[in-house]
Amino acid sequence: MPKPYPEEFREGVIWVARNRGSDVTVEQVAADFGVHAMTLWKWMRRSPGVH
């Protein structure tokens with residue numbers, strides 16, 4: 001089964017989430033990109049780099 005989101009999209013959303021302002025939540029970033037917040041949290045956990 002193919003992944004529903006392209007790798008480039010996931011990497012971009014992760015970048016935005018990790019570089020968000022202190023007044024912006026991960027849930028807000030996820031909503032802005034149309035993904036579920038738990039999905040974004042999972043992507044961030046699995047992604048190499050700063051956690």
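Within the P(r) computed for the chain, what percentage of the Cα pairs occupies the region above 13 Å?
Numbers: 687 of 1275 pairs.
Looking at the chain, the distances longer than 13 Å represent 54 percent of pairs.
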Completion exercise
Rounded to whole Å², per residue accessible area for the chain with a 1.4 Å probe reads 77
Exercise for the section: With only Lys, Arg, Asp and Glu charged, each at its Cβ (+1 for the first two, -1 for the last two), find how big the charge dipole of the chain is about the Cα centre; round to the nearest 20 debye. Expected result: 240
Practice task
Please work out the FRET efficiency for the pair residue 36 and residue 16, using the Cβ-Cβ distance as r and a Förster radius of 22 Å; give the result to the nearest 0.05.
Solution key: 0.90
Practice task
For the chain, build the charge dipole from Cβ charges (+1 Lys, Arg; -1 Asp, Glu) around the Cα centre, then report which of 47, 26, 16 sits farthest towards its positive end.
Solution key: 47
Completion exercise
The percentage of the accessible area of the range 1-44 (probe 1.4 Å, all protein chains present) made up of carbon and sulfur atoms, to the nearest whole number, is 59
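The values are calculated or read from the model by the stated rules, or taken from the named source; none is laboratory data. Worth saying up front: this structure is predicted, and the values here are computed from it rather than measured. As a convention, Cβ positions derive from the backbone with ideal geometry for all residues, glycine included, and neighbour counts pool all protein chains shown. Only protein heavy atoms, including side chains, enter the accessible area calculation; ligands, DNA and RNA are left aside. Shrake-Rupley method; radii C 1.70, N 1.55, O 1.52, S 1.80 Å.
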